[in-house]
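The values are calculated or read from the model by the stated rules, or taken from the named source; none is laboratory data. It should be emphasised that the depicted structure is a prediction, and the values quoted were computed from it without experimental measurement. Note that we place each Cβ from the backbone using ideal geometry, even for glycine, and neighbour counts take in every protein chain shown.
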Amino acid sequence: MNELKDLILYENENTRLDFKLTEYTKPEFSALLKDILSMANAETNEIRYIIIGMKPRSNGNRGIIGIQKELTDPAIYQQLIHENIEPDLTIEYLPYKINAKLLGYFRIANCKDKPYVMKKDYGDKKHKLNKMDSFIRKGTHQCRLSRADLDEIYKSKLKPGYFYEDILFGFKGTKYATIIELKAIRKIELPSAIQKQKIKQTIADIKKQNQKFKELPVDNDLKKLRDALAMTVDAFTGGIPYEKRDIKTLEHNLKNVDKAYQEDDYYYVFEEISHKLNFDILNTGSQYIQYATLQITIPKIEGLLISTQIYPKPRQKNYLNQVTTPSVFNQYPHVEMGTDIYLITYDLGDIPHQLNFEAFAEPLRIVIAPDMIGKTIDLFIKIFGRNIEKSLDKTLKIKVK
């Protein structure tokens, strides 16, 4: 979202950016279709935006007025565009809050199949758009698509081997849904915390037993026998049970329990209770995407954890099993933690056309804490390839419940 914020606060209108003060109402739907056609046909590989609720002025005032009601249902605009413009366009209409003001914005992406034209006649006599009408945006100006413009479009499309089509990208098993709901993990019982409580309870029990033992008439030989029994090793439970250790040992164990059970904690959190996240990709084009790479950017939010690796299940150490050899997991996505983001990258290889393609060999492990309930996690997707000029961009959302 940093790109959108920068456009709102600092950019002037240009080939891929337009500002409107108010939403398009039904009498202005012809103007909306014309604006969308112009943006889609513009000579740029970047995502195009029409931002609603502001009109910057020449004196530097950004003119962020906002929309004073709920945004128009995106489905109304999407249906209008789908029914009147061909070929199909990827259009989103989304809310954005800035400086306590609500804006709306059209996001027009993957305009790979130019020219875009009117599919049929639309509008009244005054605002009539005819079948096959088409427009293009140049800087801040809008004009009809000319023969020279068409020549440039087809010249670009004829670059040998380039991928100018689109993909479907969504959460695994959802028929390419871009929004899903996941539950926050409301109860976390770390193995280290469980062991800590056991040690504390054992110390309390031993102190209580010792007090009772002091009150009994026990001779020295019985005391020695009791102390010897306390140090008996139980090989099948991985060492000396807590109840057979002395208080000094238990207090040392308590001090070091977090470190001793760190691997168990990681395994429990990221392997047992985490959400396993994967994605389905469908190349809807007519050729392979070559040497594809997936990049996912997720903002770092309090209450969201993403594992940087797969954690092997810890094995108990005892004299029957002295060495623990963790398995090597090399199919997990590469996860980097920045100051403000998680950056996830993965080599997809070639993506065949017209076949479902699962993104990760091993799904991403994510943990969502109760602090996240009611919030939304944005996933910003980019797919690069040797035969893709820029990138294929998608936005997915996780709603936490």
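Checking the conditions here, which among F360, F380 is in contact with a strand residue (DSSP E or B) (Cβ under 8 Å, 6 or more places away or on another chain), surrounded by 15 or more Cβ atoms within 10 Å (Cβ to Cβ) and not in a strand (DSSP E or B)?
Result: F360 is the single residue among F360, F380 that is in contact with a strand residue (DSSP E or B) (Cβ under 8 Å, 6 or more places away or on another chain), surrounded by 15 or more Cβ atoms within 10 Å (Cβ to Cβ) and not in a strand (DSSP E or B).
Quick test for you: out of Y10, Y24, Y49, pick the one residue that is more than 30 Å from K125 (Cβ to Cβ) and surrounded by 18 or more Cβ atoms within 10 Å (Cβ to Cβ).
On inspection, the qualifying residue turns out to be Y49.
Do we have any residue at all in the stretch 259-275 that's in contact with a strand residue (DSSP E or B) (Cβ under 8 Å, 6 or more places away or on another chain), surrounded by fewer than 14 Cβ atoms within 10 Å (Cβ to Cβ) and at pLDDT 90 or above?
No, there is no match, as no residue in the stretch 259-275 is in contact with a strand residue (DSSP E or B) (Cβ under 8 Å, 6 or more places away or on another chain), surrounded by fewer than 14 Cβ atoms within 10 Å (Cβ to Cβ) and at pLDDT 90 or above.
Filter the stretch 122-139 down to the residues that are within 21 Å of N14 (Cβ to Cβ) and either out of contact with any strand residue (DSSP E or B) (no Cβ under 7 Å at 6 or more places or on another chain) or surrounded by 13 or more Cβ atoms within 10 Å (Cβ to Cβ) (or both) and list them by number.
Of everything in the stretch 122-139, those that are within 21 Å of N14 (Cβ to Cβ) and either out of contact with any strand residue (DSSP E or B) (no Cβ under 7 Å at 6 or more places or on another chain) or surrounded by 13 or more Cβ atoms within 10 Å (Cβ to Cβ) (or both) turn out to be S134, F135, I136, R137, K138.
Quick one: would you say Y93 is on the phi < 0 side of the Ramachandran plot and either in contact with a Pro (Cβ under 8 Å, 6 or more places away or on another chain) or buried (at least 20 other Cβ atoms within 10 Å of the Cβ) (or both)?
yes
Please find, among H141, H127, the residue that is in the same structural domain as F29 (by TED's automatic domain parsing) and in contact (Cβ under 8 Å) with a residue 60 or more places away in the chain.
Just one listed residue meets the conditions, H127.
Residue-wise test of (1) over 24 Å from T376 (Cβ atoms); (2) of a type in the set (A, V, I, L, M, F, W, C); (3) out of contact with any Phe, Trp or Tyr (no Cβ under 8 Å at 6 or more places or on another chain); (4) outside the structural domain of M132 (by TED's automatic domain parsing).
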{"site": "I47", "(1), (2), (3), (4)": "no, yes, yes, no"}
{"site": "I50", "(1), (2), (3), (4)": "no, yes, no, no"}
{"site": "K69", "(1), (2), (3), (4)": "no, no, yes, no"}
{"site": "A75", "(1), (2), (3), (4)": "no, yes, yes, no"}
{"site": "Q78", "(1), (2), (3), (4)": "no, no, no, no"}
{"site": "N84", "(1), (2), (3), (4)": "yes, no, no, no"}
{"site": "T90", "(1), (2), (3), (4)": "no, no, yes, no"}
{"site": "I98", "(1), (2), (3), (4)": "no, yes, yes, no"}
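Going by the conditions given, is L305 part of a strand (DSSP E or B), modelled with pLDDT of 90 or more, more than 22 Å from T90 (Cα to Cα) and in contact with a strand residue (DSSP E or B) (Cβ under 6 Å, 6 or more places away or on another chain)?
The answer is yes for L305.
Picking from K390, K399, K313, which residue would you name as being surrounded by fewer than 17 Cβ atoms within 10 Å (Cβ to Cβ), modelled with pLDDT under 90 and under 29 Å from T284 (Cα atoms)?
One residue alone meets the criteria, K390.
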